[in-house]
Structures are given as C-alpha cells and as structure tokens.
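> Please read through the structure below; I'll follow up with questions.
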Amino acid sequence: MTVEPRWASGVCAGLHAAGSRHVVYVPDNPLSHVLRILRESFRDITTTLATREEEAFGIAAGLYLGGARPTVMLQSSGLGNSINALTSLLVPYQIPALIVISMRGGDSEWNAAQVPMGRAVPAICDAIGVPHVTVESPEATADLVSRAGRTAFAARIPGVCLLPRRLTVPSPPGAA
Amino acid sequence: MTRLEATRLVVAAAGDAAIIASLGHPAYDLFAAGDRDANFYTWGSMGLASSIGLGLAMAQPSKRVIVLDGDGSLLMNLGSLATIGWTRPANLVVIVWDNEEYGTTGGQDTATAHGADLEAAARAMGIVATATVKTPTELDRVLARARTEPGPWAIVAKVDETNPTTKPSLDYVFIKQRFMAAIGQPEGATHGGPA
C-alpha cells in the first residue's frame with residue numbers, strides 16, 4: 001500500500017478548497033503524487049495534460065473565461081516556457097490561476113541544467129508582478145495553497161505556490 | 001477568398017457561438033467582420049488561441065466554441081493539436097487562416113508555403129473532423145457541417161492576405177468581461193470574493 005505524502009494531500013485539499021475543479025499540468029516526479037491523489041480521491045476534479053507549460057496557461061485562461069477556477073501545475077523549469085503566456089494573456093486580462101510549482105535547482109540539486117531557472121523563479125515572479133509563497137511544511141500545505149488560490153481568484157491575478165524539494169523529497173535527495 | 005471575406009462567413013454562421021481570435025490580423029478582421037460581445041480578441045500570447053478555445057470548450061461543453069487561428073500561430077503551438085486530439089471536445093471548431101505567411105509582421109513565408117500541411121497535422125494528432133477549403137462555397141459548406149456534426153473540428157482555410165484597417169478595443173479587461181457576460185459566465189457574479 002502506498003502512503004501518500006502529507007504535502008501532496010495538502011496540495012489537493014488546498015486547491016479543492018479554493019474552488020478549483022480543473023488542473024492543467026505538465027508532470028514532474030513529485031507532482032505525480034498529487035496527480036495520483038487527485039485521480040483516486042478527488043473525482044470531481046478534471047486533470048488535463050498539456051504538451052508544454054505555455055499551452056497549459058492558455059488552456060487555463062480558457063477555463064477561466066468559461067467560469068472555472070483553474071489550477072496549473074508545473075516544474076520550475078517550465079516557468080521559462082510560460083512567461084509570454086503569463087505576461088501577455090493572464091496578467092493584462094486579469095485572468096487568475098492557482099499555480100503550483102515543483103521546485104528544482106535549490107537544495108541538494110544534482111543537475112546543473114536545473115539550477116539557473118530554479119534560482120530565478122521567485123525573481124521572475126516578482127519581476128512580472130505575480131505573487132508567490134513558499135510552502136515550508138507538510139502541515140501548512142493545504143492552508144497555504146488554499147489561501148493562494150482564494151487570493152488569486154478574488155484579486156484576479158495569478159498566484160504561485162512554490163514547493164521546494166526539502167518539502168517534496170525530504171530525504172534522501174532524489175532525481176527528478 | 002480574402003481572410004476578411006472568410007471571417008464574415010464565419011460570423012454569419014456563428015449564431016451565439018463564442019469566437020476566440022488569434023492576435024494581429026485574425027483579431028482585426030474579426031472586429032471588422034462583426035464586433036460582437038461573444039468575441040474574445042487576444043492581443044498577445046501568440047499560438048495560444050486554440051488552447052484558450054480548448055479550455056473554454058472544456059469548461060462549457062454545451063457552448064459552441066470557434067477559434068480563428070493563423071498558420072504561423074498554430075505552428076508555434078502544434079502541441080495543442082495533440083491535446084485537442086486527446087481530449088476531443090465535441091463543441092470546439094478550430095479554423096486556421098492559412099495565408100502561407102506571417103501577415104501581421106510583414107509577409108514572411110510560413111512553413112505552409114513550403115509543404116507543411118496543417119490539416120494533415122491535425123489528423124495525425126487524432127482530430128478526425130478536418131477539412132481544407134479554398135473558396136467561400138467550400139467554407140460555407142464545411143461550416144454548416146461543423147454546426148451539426150460533432151467535433152473537434154480542424155478547418156484549414158486557404159486565404160489571401162489583406163491589410164485590416166480597424167482594430168478592436170485595447171481595454172483587455174473590457175474584452176474579457178464583455179465576453180464572459182455574453183457567454184453566461186459574468187465575472188462579477190461567479191468570480192471574486194470568498195470562495
């Protein structure tokens with residue numbers, strides 16, 4: 001039997017509590033826990049795989065226009081593929097989305113290709129005016145994700161939750 | 001057939017369908033052919049019109065959603081065809097204005113001028129209802145089919161480039177809120193405030 005990590009259950013409970021019933025994603029290893037829990041325990045949530053993160057934000061924008069509250073999940077590397085969608089669609093049209101980013105490139109990173117974008121994610125969010133919070137403990141995850149989502153949908157601006165590896169892969173540090 | 005003529009045919013056949021227009025000339029021609037509340041004009045995010053249409057079609061499965069894309073734009077986001085081919089929303093109609101050039105940026109050739117076939121690409125990605133049309137009569141005929149036969153549809157319309165002379169509003173929030181109200185999802189009523 002699989003024991004689900006508490007942080008992953010928290011992401012699911014948090015986005016559900018924020019009213020999100022659509023999750024558009026490009027997968028990574030830690031996020032696979034979230035996706036499994038969504039499919040097994042949150043049957044009212046639709047998950048849609050995008051071929052690329054930028055596409056995921058386009059789908060999310062359409063979902064919002066249709067009255068839904070979309071969540072986008074991606075790895076930090078994928079933020080680089082998303083910036084034009086965020087800055088020329090979601091932000092200027094005031095189209096919100098809850099954004100959950102599984103972080104690479106920080107603590108215990110073994111792959112240099114992940115480091116520059118991983119380090120840059122908070123600065124990029126600041127530069128384009130998208131608020132972000134970092135989830136620091138499994139116990140706090142559901143509340144932080146829910147608050148970020150509620151704020152996003154109320155204020156009509158995308159809101160980011162960062163999931164650091166010290167949260168998602170506590171020990172030993174693993175590969176993606 | 002010019003893109004403006006073709007866009008007029010789409011608007012005339014659209015009924016109360018939502019129309020999502022790719023940035024630049026496709027959006028300008030939609031505005032010229034018939035500004036309507038259920039038009040969503042993009043001003044950026046090149047390539048994402050079909051993705052926006054897909055998300056809208058998923059959120060509102062009983063609403064017909066028409067996307068007016070460009071060949072250059074769709075070539076920037078070909079993965080969207082794979083996602084549409086997988087999720088297969090029956091209410092989505094993607095129309096690609098294929099003028100074989102980047103019309104908004106000065107007429108540089110696109111790959112469709114050199115052999116790329118976007119209808120074949122759509123079919124290869126699992127979209128079954130497809131067509132390539134070259135005349136107003138052919139376009140009208142396939143639009144009629146797309147109204148009754150389930151999608152997703154991918155319709156490639158070979159069009160001549162003409163320079164639009166008008167542009168839609170640059171007030172993005174106005175575009176969004178007018179659109180959402182027109183399709184029955186007014187932003188103020190169902191969004192914002194405590195969940």
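> Within the stretch B:146-177, how many residues turn out to be of a type in the set (Lys, Arg) and surrounded by 15 or more Cβ atoms within 10 Å (Cβ to Cβ)?
Pass one, the stretch B:146-177, residues of a type in the set (Lys, Arg): B:147, B:158, B:167, B:176.
Subset that is surrounded by 15 or more Cβ atoms within 10 Å (Cβ to Cβ): B:158, B:176.
The qualifying residues number 2.
> Hey, does the stretch B:129-141 have a residue that's over 18 Å from B:Met1 (Cβ atoms) and in a loop (DSSP other than H, G, I, E, B)?
Just the residues of the stretch B:129-141 that are over 18 Å from B:Met1 (Cβ atoms), to begin with: B:129-130.
Cutting the leftovers down to in a loop (DSSP other than H, G, I, E, B) gives us none.
No, that holds for no residue.
> Could I ask something else about it? Out of A:Gly118, A:Gly78, which single residue is under 17 Å from the mean Cα position of the chain (by Cα) and at pLDDT below 95? Write out each step before concluding.
Values: A:Gly78 fails: at pLDDT below 95.
Selected residue: A:Gly118, the only one of A:Gly118, A:Gly78 that is under 17 Å from the mean Cα position of the chain (by Cα) and at pLDDT below 95.
> Same structure, new question: Could you grab the pairs with beta carbons closer than 6 Å, sequence gap of 6+ or different chains, first residue in the stretch B:7-35 and more than 14 Å from every other protein chain (Cβ to nearest Cβ), second one in a helix (DSSP H, G or I) and at pLDDT below 95?
As it stands, the answer is B:His25/B:Gly103; B:His25/B:Thr104, since those pairs meet every condition given.
> Test of understanding: among A:Gly118, A:Gly129, which residue is of a type in the set (Gly, Ala, Ser), in contact with a Lys or Arg (Cβ under 6 Å, 6 or more places away or on another chain) and more than 30 Å from B:Thr87 (Cα to Cα)? Spell out how you get there, then give the answer.
Details: A:Gly129 fails: in contact with a Lys or Arg (Cβ under 6 Å, 6 or more places away or on another chain).
Only one candidate passes the filter, namely A:Gly118.
> With respect to A:Ile95, determine if the residue is within 11 Å of chain B (Cβ to nearest Cβ) and either under 20 Å from B:Pro61 (Cβ atoms) or at pLDDT 95 or above (or both).
Values: within 11 Å of chain B (Cβ to nearest Cβ): yes; either under 20 Å from B:Pro61 (Cβ atoms) or at pLDDT 95 or above (or both): yes.
Here the answer is yes, as A:Ile95 does meet what is asked.
> Here is a check on your reading of the model: is B:Met180 surrounded by fewer than 21 Cβ atoms within 10 Å (Cβ to Cβ), under 21 Å from B:Ile52 (Cβ atoms) and either touching a residue at least 24 places away in the same chain (Cβ under 8 Å) or touching an Asp or Glu at 6+ places or on another chain (Cβ under 8 Å) (or both)?
On the way: surrounded by fewer than 21 Cβ atoms within 10 Å (Cβ to Cβ): no; under 21 Å from B:Ile52 (Cβ atoms): yes; either touching a residue at least 24 places away in the same chain (Cβ under 8 Å) or touching an Asp or Glu at 6+ places or on another chain (Cβ under 8 Å) (or both): yes.
No, not satisfied.
> Hey, among the residues in the stretch A:76-89 that are at the interface with chain B (Cβ under 8 Å from one of its Cβ atoms) and of a type in the set (Gly, Ala, Ser), which one's farthest from B:Pro89 (Cα to Cα)? Even if it seems obvious, please write down each step before you answer.
At the first step, the residues of the stretch A:76-89 found to be at the interface with chain B (Cβ under 8 Å from one of its Cβ atoms) are A:84-85, A:87-89.
Restricting the remaining residues to those that are of a type in the set (Gly, Ala, Ser) gives A:85, A:88.
Numbers: A:Ala85: 22, A:Ser88: 26 Å.
Top of the filtered list is A:Ser88.
> Where the second residue is in a helix (DSSP H, G or I) and of a type in the set (A, V, I, L, M, F, W, C) and the first is more than 7 Å from chain A (Cβ to nearest Cβ) and lies in the stretch B:50-63, which pairs have Cβ atoms under 8 Å and are six or more apart or on separate chains?
B:Ser50/B:Leu74; B:Ser50/B:Leu81; B:Ser50/B:Ile84; B:Lys63/B:Leu56; B:Lys63/B:Ala57
> Can you tell me which residue within the stretch A:51-75, out of those that are touching a residue at least 40 places away in the same chain (Cβ under 8 Å) and not in a helix (DSSP H, G or I), is farthest from the other protein chains (Cβ to nearest Cβ)? Walk me through how you get there before you give the answer.
Here is the first cut: in the stretch A:51-75, the ones touching a residue at least 40 places away in the same chain (Cβ under 8 Å) are A:57, A:63, A:68-75.
Filter again for not in a helix (DSSP H, G or I), leaving A:68-75.
On the way: A:Ala68: 4, A:Arg69: 8, A:Pro70: 7, A:Thr71: 12, A:Val72: 11, A:Met73: 15, A:Leu74: 14, A:Gln75: 17 Å.
Filtering the stretch A:51-75 for residues that are touching a residue at least 40 places away in the same chain (Cβ under 8 Å) and not in a helix (DSSP H, G or I), the one farthest from the other protein chains (Cβ to nearest Cβ) comes out as A:Gln75.
> Among the residues of the stretch B:98-116, what is the count of those that are in contact with a strand residue (DSSP E or B) (Cβ under 8 Å, 6 or more places away or on another chain), on the phi < 0 side of the Ramachandran plot and surrounded by fewer than 18 Cβ atoms within 10 Å (Cβ to Cβ)?
3
The values are calculated or read from the model by the stated rules, or taken from the named source; none is laboratory data. It should be emphasised that the depicted structure is a prediction, and the values quoted were computed from it without experimental measurement. So basically every Cβ, Gly included, is an ideal-geometry build from the backbone, and we count neighbours across all protein chains shown.
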